[in-house]
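S.K.: Handing you a structure now.
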Amino acid sequence: MKNRFLLALIFLVVAVLISQSTAANIRSGDFDFYKLYNDPEAHISLKGRRTTSDRMAAHGYPAEHHHIVTEDGYIVGVFRIPYSHKLQNQNEYRPIVLIQHGLTSCSDAWVLNGPDDGLPYLLADAGYDVWLGNARGNTYSRNHTSLSTEHPYFWRFSWHEIGHYDIAAMIDYALKTNGQGQKAIHYVGHSQGTTVFFTLMSTRPEYNEKIKTAHMYAPIAIMTNLENAFVRAVAPYLGQRNAYSLLFSCQEFIPNNDFLLALLFNFCEPDQMLRPSCEKVMENIYAKDRKNKTALPEGLATHPGGCSTNQMIHYLQEQQSGHFRQYDHGTAKNLEIYGSETPPDYPVEEITSKVYLWYGLNDNLAAVEDVLALADRLPNREVRLIEDPLWDHIDFAMNMEARKYLNDPVIEIMQEFENDNN
Ligand SMILES: *[C@@H]1O[C@H](CO)[C@@H](O)[C@H](O)[C@H]1NC(C)=O
Ligand SMILES: *[C@@H]1O[C@H](CO)[C@@H](O)[C@H](O)[C@H]1NC(C)=O
């Protein structure tokens, strides 16, 4: 029974990968994913279990690993580059920036592109105190003051709680630990890292005062026009209150462990049935040499980072309802928790902090219409369309020109803020 469930989940993940890459149907010709996969380095890194701070330290950066306790008892693992070894600026003013990963991802996603292009490194070298968050339930945040991860109650959370508790705790902890009397931070989030920002800033509006500038990469809140084929296929089942969604809820979804990854590798071996799908996924992701192939082995070794199934269900509910609103527990429980039959919408009109929405034309999860509909409701925002027309959801993390289109311009906006306010 357990094995069959596992297999079903693996198929689901592969399906997600396939659907995420359907936008680009270009064949890349000579790219051989399996040659890459037979690279012994990739397998060694699986066993080595290097953390984000190990990766940053390997490039010479000072790196720290912090454990932050949230108001509701979760302990999240957060990494930090406190200063740049190149600048030796440990005794100078270093503005705080917090960067937050997407769904089933983790802090490693930000460092895959290395010190010449990766956002945390660029920020550190620009003089910032850089914090990399990890949402409850992922590789670095499977920890709680009283609940074991074996206990189903541990997994009873969605991205609502990640925003409302985890991000709030990270902001307060970073402000305190930095020790320079700073009152506010800069924030960068990708995908779910944007959803949790909107959630926190709309439900606890006092946190807006703690934000200098906020950068939303592929903002996800309204999901009406989303084109992702897989999401569209499963949303009618799992995005409604029914037996399927109840069975699927409150569980750990695809943790990062060697056994699961080994299974996935085997499925992609030459004679296995999933080989054609694996090939298609990789060809699509790496079509036209747009993404960083060198970063792939590390990406595979660190992903998926794990999450609760409720995070997925909550997104599917949004897709079905067309609302950006709290988790739907069904009429009876909604009445008890929210005092209404349907969950309340997030009052994004209350988000007074300065928000930049960075979006692409080829993103099948953050559709242009949905980003602009959200922009209409945000009182203090600017929209920034990435100039490359092929820009998709994964480009925000792995595009070869992410520095030019995204990271450098974002740092420039932060610098302007700092120059104007110091
Ligand atoms: C869990 O949190 C405690 C307390 O902060 C910490 O000492 C420990 O290393 C954490 N364990 C894991 C597996 O992260
Ligand atoms: C691609 O990733 C590799 C490995 O981290 C890194 O050394 C390289 O600088 C990256 N290139 C770009 C353009 O991101």
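The values are calculated or read from the model by the stated rules, or taken from the named source; none is laboratory data. Here the structure is a predicted model, which means the values were calculated and not measured. Reconstructed Cβ throughout: ideal geometry from the backbone, glycine too, with neighbour counts over all protein chains shown. Protein only, heavy atoms only, side chains kept; ligands, DNA and RNA dropped before computing areas. Shrake-Rupley method; radii C 1.70, N 1.55, O 1.52, S 1.80 Å.
S.K.: For segment 52-420, what is the accessible area per residue in Å² when the probe is 1.4 Å?
M.R.: 38
S.K.: To the nearest 10 Å², what's H85's accessible area with a 1.4 Å probe?
M.R.: 60
S.K.: So which trypsin sites (Lys or Arg not before Pro) in segment 124-233 end up in coil per DSSP with only 15 or fewer other C-beta atoms within 10 Å?
M.R.: Hits after loop and neighbour filter: R156, K183.
S.K.: Within segment 48-150, report the GluC sites (Glu not before Pro) that DSSP leaves as loop and that have at most 13 other Cβ atoms within 10 Å. Walk me through the intermediate numbers first.
M.R.: Working: sites: E64, E71, E92, E150; in loops: E71, E92, E150.
Those satisfying the criteria are E71, E92, E150.
S.K.: Something else: Just to be sure I understand the model, the point goes 7 Å from the Cα along the line to the Cβ. What's the resulting A58 to F230 distance in nm?
M.R.: Each label point is offset 7 Å from its Cα along the Cβ direction, giving 2.6 nm.
S.K.: Can I ask one more? Looking at segment 332-365, which GluC sites (Glu not before Pro) are in a loop (DSSP not H, G, I, E or B) and have at most 14 other Cβ atoms within 10 Å?
M.R.: Listed in order of number, the matching sites are E341.
S.K.: Taking the convex hull of the alpha carbon atoms in segment 48-183, what volume per residue do you get, in Å³?
M.R.: 106
S.K.: In Å, what is the Rg of the alpha-carbon atoms in segment 284-342, and how long is Dmax?
M.R.: Rg and Dmax of segment 284-342, Cα atoms, are 18.6, 52 Å.
S.K.: A further question on this structure: When the accessible area of segment 52-420 is split by element with a 1.4 Å probe, what percent falls to carbon and sulfur?
M.R.: So the carbon and sulfur contribution to the accessible surface is 51 percent.
S.K.: How much length, in nm to one decimal, is gained on full extension between A243 and L335, taken as 0.36 nm per residue of separation minus their Cα-Cα distance?
M.R.: 31.1 nm
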